[in-house]
Amino acid sequence: MSKYLGKLRLGVNIDHVATVRNARGSAYPDPTRAALLAEKAGADGITAHLREDRRHISDGDIDALMEKLTVPLNFEMAATDEMQAIALRHKPHAVCIVPEKREELTTEGGLEVARQENKLAGFIAPLKDAGCRVSLFIASDMAQVEAAARIGADIVELHAGPYCDMFHEGELDASNNELEKLREMSAFGHSLGLEVHAGHGFTYETVMPVAAFLEVMELNIGHFLIGEAIFRGLTPAIKEMRRLMEEART
Ligand code: PXP
């Protein structure tokens with residue numbers, strides 16, 4: 001199969017605008033306002049994770065995003081009946097299934113697809129029937145990529161967290177090469193006909209090597225951009241990320 005040479009999309013995750021809002025129980029800052037600004041700044045899509053405990057994004061945020069966005073919404077959610085019902089009500093462009101543990105600070109690992117193929121196949125079928133693109137957030141692991149393809153996922157989002165963490169801890173060497181795993185699994189996923197995305201933990205320092213993989217079509221980035229917005233504003237923060245992504249691609 002030929003390599004995809006198209007534009008690399010940036011999905012901006014606005015969860016942590018809601019985290020700041022919820023820290024004071026106020027109505028601001030409004031994540032939908034941030035999403036609309038991100039659209040103008042060049043985001044190709046918006047990602048929001050409605051967690052079971054509603055610690056950041058709320059049900060009302062999803063209503064507002066669905067109503068106001070002009071770019072696609074990538075709705076992140078756990079594989080629960082409650083979330084499936086919400087997704088089926090809204091029918092967002094994409095649904096990204098992530099593992100979720102109540103006590104975690106953020107999504108810690110990838111989804112275990114290989115050991116629950118039948119369950120997940122049944123879970124995603126109605127979402128696909130409703131017209132949602134189904135993405136599975138998985139570790140860069142061959143068994144998980146194969147299982148995702150077998151159950152009919154449209155997309156795999158590869159967990160970039162281990163690579164980003166190792167980069168920032170200065171541990172990214174040949175013997176422990178998380179970047180290489182991302183490269184190999186991007187190519188492998190693409191060869192199986194999956195659309196390949198990557199996300200979690202990207203910064204200006206870590207984004208370029210992954211953006212350079214031609215099989216990767218979308219990067220989903222949140223925490224760093226929202227943090228960087230404190231210093232330079234959301235629009236310049238996003239524009240700089242886009243610039244680095246495009247530079248890596250060329
Ligand atoms: N992709 C997925 C599946 C995620 O769960 C997250 C975090 O919510 C992200 C991307 C964005 O990660 P970060 O906020 O670290 O950029």
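The values are calculated or read from the model by the stated rules, or taken from the named source; none is laboratory data. Predicted, not measured: the structure shown is a model, and the values here were computed from it. We place every Cβ from the backbone using ideal geometry, glycine too, and count neighbours over all the protein chains shown. Please note that ligands, DNA and RNA were not included when accessible areas were found on the heavy atoms of the full protein model with its side chains. Shrake-Rupley method; radii C 1.70, N 1.55, O 1.52, S 1.80 Å.
Quick check on the stretch 137-169: of everything there that is touching a Phe, Trp or Tyr at 6+ places or on another chain (Cβ under 9 Å) and open to solvent by 50 Å² or more (accessible area, probe 1.4 Å), which residue is farthest from Ala94 (Cα to Cα)? Only one residue fits best here, namely Met142.
For every residue, the table says whether it meets (1) closer than 27 Å to Asp165 by Cβ; (2) within 17 Å of the chain's Cα centre (by Cα); (3) away from the ligand (no atom under 14 Å from the Cβ).
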| site | (1), (2), (3) |
| --- | --- |
| Leu8 | yes, yes, yes |
| Gly11 | yes, yes, no |
| Asp30 | no, no, yes |
| Thr47 | yes, yes, no |
| Ser58 | no, no, yes |
| Asp81 | no, no, yes |
| Pro99 | yes, yes, no |
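If you check Ala160, Ala148, Ala187 for being within 14 Å of the ligand (Cβ to nearest atom), in contact (Cβ under 8 Å) with a residue 12 or more places away in the chain, among the small types (Gly, Ala, Ser) and more than 20 Å from Thr106 (Cα to Cα), only one passes: Ala148. Within the stretch 1-60, the residues that satisfy the criterion of being aliphatic (A, V, I, L, M), surrounded by 13 or more Cβ atoms within 10 Å (Cβ to Cβ) and in a loop (DSSP other than H, G, I, E, B) are Leu8, Ile14, Ala43, Leu50, Ile57.
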